[in-house]
Structures are given as structure tokens and as C-alpha cells.
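This report refers to the structure that appears directly beneath it.
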Amino acid sequence: MPDTWVIENAYVATVDAGGTEHRRGHVVVHGNRIAAVGAGPAPEQWRTGRVVDGEGCLLTPGLVNTHHHLYQWITRGIAQDDTLFGWLTTLYPIWARIDAEAVHDAASANLGWMALSGCTFTTDHGYLHPRGGGDLLEAEIRGAQRIGLRFLPTRGSMNLGASSGGLPPDSVVEEHDEILTATAAAIDRWHDPSPDSMLQIAVAPCSPFSVTGELMRDSAELARAKGVRLHTHLAETMDEEAFCLEKFGFTPTDYAESLGWLGEDVWMAHTVHLSDDAIAKFGATGTGVAHCPTSNGRLGSGIAPVRKLLAAGVPVGLGVDGAASNESGWMSEEMHQALLFARVKDGPTALTARQALALGTIGGARVLGRSADLGSIEVGKLADLALWRVDGLAGADIQDPVCTLVFGSHLPLELLLVNGSPVVEKDRLVTADADDLAAASRRASLRTVGER
Ligand SMILES: [Zn+2]
């Protein structure tokens, strides 16, 4: 008999297409899917389930993180005042020392932290695979299974070393053919295409300045043959634009287009520097965007044109990006930053609290190709839910619960369900011991970075 959860008396923000909200509503979860949602108490037929009193709480869809590098959790606080290219060249030699054990510890700790910030579904972009380091993709998948989050890791890659005109040192890049072989094997081993899937794989050569055009093209062909999604970094900095113009004679977007890299099965991290013409191309092709405001702020890269992207119909989700360029890594904070950055760029009506919540939920689900089953609270959808306490010191006096979540400070989580199973209860991780995760990631950091 599947478990049933009955959440009542909560302010329910469904984030459905009509923006339906219930000031005092219920949601029933039966097994891994949502069985009922509406105003007032739950229907009598469900009252045999586990009842959670949501008085003083806001219920939202679980947050979706569309861009990340989990391994970076153990290399935070380095190159604090650098540009992207300076930061990367400082960190590449450190990252060359990572191995499967370090990645498992980093990913487990990082995912535990993300769960506490309301995230139920995350991607990851692991593009370093040092020789002799073991299977880093498996290491992070085991971490996600341990914490209990829905996961879409990519098999990332780099093959354009410094000796060939790329940014990374030759010591951290792989060969073209071994990348494609390992990527195909990862898809065959791990990718579950079912609607209930807890684990899918995407293909993700790292960036225009660290992979060859040939690898970009062949990666797209492989992904399309296998029916999986494509991901990369694009248009993050003006340095990247200058690199693309000099080396390829294209802007980053035109370069991507020339390689078959615009389409509904593609999502790009950052897209800070896009012309109106490039935005129109994203909109016309349905190419998705992972907007990473904190990371862009941390590295001083600029501000993505979110308002224009949304107006052009571009699917936009939020990403914390790697922990080495976002030491916080707190998913709900990303909605706050998205709202502030949009308003710094385009004024006070550029983005509302509801739009920011939509970016963090249904927008992310759309970007990752899962909006039929995730991203909003609707009957029949998967039960990935976050129940936030808004009646404590941080938020009790803010007039609107959605404003409390997006404009306000960190909120405690009363409950986080992923696929109908609890991952956080009473603001504590229930799938792993948070102190154990922190101790293991600190040991991994000491091994990888050295004494501080
Ligand atoms: Zn990134």
C-alpha cells in the first residue's frame, strides 16, 4: 500500500498555468504523485494518510536547479576577486586532483545542503575526469541516491587544452573519442527515460573555450541518437565573446547555431551577453537558459537579460552554478537574486515574486524537459514539494507568503518531499546526518586543496 501524505491548512502556491493559490488549502500525495489539491481541508477519503498541519506554512513545488558543478563544494573560497578566466586558471590545477571519493563526499554534502534550501531536483555538470581518478559520474549519482534528490547529471567534457589554443591546461582535458565512448556508456548505464524517472543523463561539453567544434557537433549527434538532452556554458563573459569572435569568427550564439546547438533539447548556462538577435534565436528555437545570478555576480560577469528572454518565450530556469563561484549554493536565495538582478537591470517591474518562484520551479522543469511531470502542484504530477515555515522570526510579519519566500531571508523547511518520500523534516535532513556530510567534505577538501 503506497504511503499517503495529507498536507492541510497551508498557503498553497501551485505555480500552475493560471497561478492558482489557496490561502488555506490542502494537497494529498499518494505514492509518488499528487492525488488532490484544493482549497479547504482534504477530501474525507484521504484522511487515513499521514496528516501534516501546514498552519503557518507556505507549500510550493520543490525548487529545480538547472546548472551546477557539485564537485566544487570542496574548493570554495578560492580566487575570490577574479574574472571567470582568471578564476578558472587558478582552479584547474586544484581540480585536477579530484577523484571519485572526493566527488562523492562533495556531492553528498552539497546535495544535502541543497535539499535544506528547498531543492528537490537538480542537474550537475561534471566536466573534469582526471586520469586514474575513478568514475566521477557514478560517485555523484551515488551521492544523489544517498540524499534522495531527483537527479539529471550530465556527462561533461573538455578536449581543447592550452597547447591547442584552449583555456584549460592539457593535463585536465580528455581525447575526443574517449569522451564520446564514455558518454555513450554513461547514457546506456544510467539514463531512465520514464515519466517517473529519478535519474536521467544529458551530454555536456563544457564551453566554447574548452572543447573543439568537432566535439560539440559529435556530442549533439550522440545525444540526439540516444534521445537525451544537451547542455553547455554559453555567452557568460565578454572574454568568451572575444575568444569566439577571434577563434571562430562568430558570436557565441552564432557559433552554437553553426554546430546544431540551438533547439528544444538544448539548455545553456548563463547567456549573460546576448544581442536582441541572439535572444530571438533562443526564442524561435525553444533553447533553454539556466540563469545563474549569484555566480554571475560573484564573478562580475554581468546580468542576463531575463526580462527580454521571458518576453521572447525562452524557457528560463535558475541555477546556483558551481559552489566555487557561489559559496552559498542556497537554491531559494537564487530566486531572490534573480528578482534583484532583473530589477537592477530593468526597473521595479522587471520580475515579480510569482515570476521568480515560477523560474525556480516550473521554469526549471521546462528547461530540463520534465514540465509534464514536475514543477507545479497539480493532480497527477510527481510529488516533489517544499513546505516552508513562514510564521517564524524571519517572516511572520511579511504580508504575503510568496513575498516572504522570494524577498525575505532563509526560511526553515517543515517538510521536503521528493517523489513522495521525505528528505527534510522539521528543517533537518532525514536521509543522512548533516554533521557526517560536513566532516567528510572537509576531509575531501583538505586532501584536494591542502591545509588552509
Ligand atoms: Zn557552470
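The values are calculated or read from the model by the stated rules, or taken from the named source; none is laboratory data. Small disclaimer: the values here were computed from a predicted structure and weren't measured. Using ideal geometry, Cβ is built from the backbone for each residue, glycine included, and neighbour counts are taken over all protein chains shown. In case anyone asks, the SASA skips ligands and DNA or RNA and just uses the protein heavy atoms, side chains included. Shrake-Rupley method; radii C 1.70, N 1.55, O 1.52, S 1.80 Å.
Pairs only if they're at least six apart or on different chains, beta carbon under 7 angstrom, first in the stretch 143-164 and part of a loop (DSSP other than H, G, I, E, B), second of a type in the set (Gly, Ala, Ser); list them, first residue then second.
Qualifying pairs under 7 Å: 148/421; 149/115; 158/210; 160/166; 160/210.
Within 30 Å of residue 81 (Cα to Cα) and touching a Ser or Thr at 6+ places or on another chain (Cβ under 6 Å): is that true of residue 202 in this structure? I'd like the intermediate steps shown before the answer.
Details: within 30 Å of residue 81 (Cα to Cα): no; touching a Ser or Thr at 6+ places or on another chain (Cβ under 6 Å): yes.
Criteria not met by residue 202.
Residues of the stretch 338-352 being of a type outside the set (Val, Ile, Thr), surrounded by fewer than 24 Cβ atoms within 10 Å (Cβ to Cβ) and in a helix (DSSP H, G or I), which ones?
Passing the criteria: 339, 340, 341, 343, 345, 346.
Can you tell me which of (1) more than 15 Å from the ligand (Cβ to nearest atom); (2) among the hydroxyl-bearing types (Ser, Thr, Tyr); (3) open to solvent by 20 Å² or more (accessible area, probe 1.4 Å) is the one residue 294 doesn't meet?
Status for residue 294: all satisfied but (1).
In this structure, is residue 111 within 30 Å of residue 331 (Cα to Cα) and not in a strand (DSSP E or B)? Talk me through it step by step, then tell me what you get.
Numbers: within 30 Å of residue 331 (Cα to Cα): yes; not in a strand (DSSP E or B): yes.
Yes; evaluated as a whole, the condition is true for this residue.
So residue 240 passes all but one of these: (1) within 14 Å of the ligand (Cβ to nearest atom); (2) within 21 Å of the chain's Cα centre (by Cα); (3) not aliphatic (A, V, I, L, M). Which condition number does it fail?
Failing condition for residue 240: (2).
Tally the residues that are of a type in the set (Asp, Glu), in contact (Cβ under 8 Å) with a residue 40 or more places away in the chain and open to solvent by less than 60 Å² (accessible area, probe 1.4 Å), restricting the search to the stretch 400-452. Working first, answer last.
Taking the stretch 400-452 as the starting set, the residues that turn out to be of a type in the set (Asp, Glu) are 400, 414, 425, 427, 433, 435-436, 451.
Still in the running and in contact (Cβ under 8 Å) with a residue 40 or more places away in the chain: 400, 414, 427.
Cutting the leftovers down to open to solvent by less than 60 Å² (accessible area, probe 1.4 Å) gives us 400, 414.
Number of matching residues: 2.
I'd like to know if the stretch 134-149 contains one or more residues that are farther than 25 Å from residue 362 by Cα, at pLDDT below 95 and either more than 16 Å from the ligand (Cβ to nearest atom) or surrounded by fewer than 24 Cβ atoms within 10 Å (Cβ to Cβ) (or both).
no
Say whether the condition of being hydrophobic (A, V, I, L, M, F, W, C) and either within 16 Å of the ligand (Cβ to nearest atom) or crowded, with 24+ Cβ neighbours inside 10 Å (or both) is met by at least one residue in the stretch 173-186.
The first filter runs over the stretch 173-186 and keeps only residues hydrophobic (A, V, I, L, M, F, W, C), leaving 173, 179-180, 182, 184-186.
Then drop every residue that is not either within 16 Å of the ligand (Cβ to nearest atom) or crowded, with 24+ Cβ neighbours inside 10 Å (or both), which leaves 173, 179.
Within the stretch 173-186 (the criterion being hydrophobic (A, V, I, L, M, F, W, C) and either within 16 Å of the ligand (Cβ to nearest atom) or crowded, with 24+ Cβ neighbours inside 10 Å (or both)), the answer is yes, since at least one residue qualifies.
Report, ordered by the first and then the second residue, all pairs with beta carbons closer than 8 Å, sequence separation of six or more or different chains, a first member in the stretch 320-348 that is within 17 Å of residue 115 (Cβ to Cβ), and a second member that is away from the ligand (no atom under 16 Å from the Cβ) and open to solvent by 40 Å² or more (accessible area, probe 1.4 Å).
Pairs found: 329/113; 330/113; 330/410; 332/410; 333/410.
Taking the stretch 314-334 as the region of interest, how many residues are more than 16 Å from the ligand (Cβ to nearest atom) and over 15 Å from residue 270 (Cα atoms)?
3
Answer yes or no: is there a residue in the stretch 271-278 that is over 26 Å from residue 86 (Cβ atoms), over 17 Å from the mean Cα position of the chain (by Cα), more than 16 Å from the ligand (Cβ to nearest atom) and open to solvent by less than 10 Å² (accessible area, probe 1.4 Å). Don't jump to the end; show me each part of the working.
Pass one, the stretch 271-278, residues over 26 Å from residue 86 (Cβ atoms): 276-277.
Pick out the ones that are also over 17 Å from the mean Cα position of the chain (by Cα) and you get 276-277.
Filter once more, so that each one left must be more than 16 Å from the ligand (Cβ to nearest atom): 276-277.
With the extra rule that they be open to solvent by less than 10 Å² (accessible area, probe 1.4 Å), the set shrinks to none.
No: zero hits.
Please determine, by comparing only the residues of the stretch 297-313 that are in a loop (DSSP other than H, G, I, E, B) and within 16 Å of the ligand (Cβ to nearest atom), which one is surrounded by the fewest Cβ atoms within 10 Å (Cβ to Cβ).
The first filter runs over the stretch 297-313 and keeps only residues in a loop (DSSP other than H, G, I, E, B), leaving 299-305, 312-313.
With within 16 Å of the ligand (Cβ to nearest atom) added as a condition, the list becomes 299-302, 304.
Details: 299: 25, 300: 11, 301: 22, 302: 17, 304: 26.
The selected residue is 300.
On the given criteria, is residue 358 within 29 Å of residue 400 (Cβ to Cβ) and either within 16 Å of the ligand (Cβ to nearest atom) or not in a helix (DSSP H, G or I) (or both)?
For residue 358, the condition - within 29 Å of residue 400 (Cβ to Cβ) and either within 16 Å of the ligand (Cβ to nearest atom) or not in a helix (DSSP H, G or I) (or both) - is not met.
Mind counting the residues in the stretch 3-23 that are within 17 Å of residue 415 (Cα to Cα) and either assigned to a strand (DSSP E or B) or open to solvent by 30 Å² or more (accessible area, probe 1.4 Å) (or both)?
Taking the stretch 3-23 as the starting set, the residues that turn out to be within 17 Å of residue 415 (Cα to Cα) are 3-14.
Filter again for either assigned to a strand (DSSP E or B) or open to solvent by 30 Å² or more (accessible area, probe 1.4 Å) (or both), leaving 3-13.
Residues that pass the stated criteria total 11.
Considering the stretch 110-129 alone, what residues qualify as being open to solvent by less than 10 Å² (accessible area, probe 1.4 Å) and either within 15 Å of residue 361 (Cβ to Cβ) or aliphatic (A, V, I, L, M) (or both)?
Once the filter is applied, which keeps residues that are open to solvent by less than 10 Å² (accessible area, probe 1.4 Å) and either within 15 Å of residue 361 (Cβ to Cβ) or aliphatic (A, V, I, L, M) (or both), the stretch 110-129 yields 111, 114, 115, 117, 118, 119, 120, 121, 122, 123, 128.
Within the stretch 27-89, considering only strands (runs of 3 or more DSSP E) that don't extend past its boundaries, which have at least 3 residues that are open to solvent by less than 30 Å² (accessible area, probe 1.4 Å) and more than 15 Å from the ligand (Cβ to nearest atom)? Give the steps one after another, and end with the answer.
Values: elements: 33-39, 50-53, 57-61, 63-65.
Answer list for the stretch 27-89: 33-39, 57-61.
Identify the residue in the stretch 353-399 that is more than 28 Å from residue 263 (Cα to Cα) and out of contact with any strand residue (DSSP E or B) (no Cβ under 9 Å at 6 or more places or on another chain) and, among all such residues, is least open to solvent (accessible area, probe 1.4 Å).
Among residues in the stretch 353-399 that are more than 28 Å from residue 263 (Cα to Cα) and out of contact with any strand residue (DSSP E or B) (no Cβ under 9 Å at 6 or more places or on another chain), the one least open to solvent (accessible area, probe 1.4 Å) is 353.
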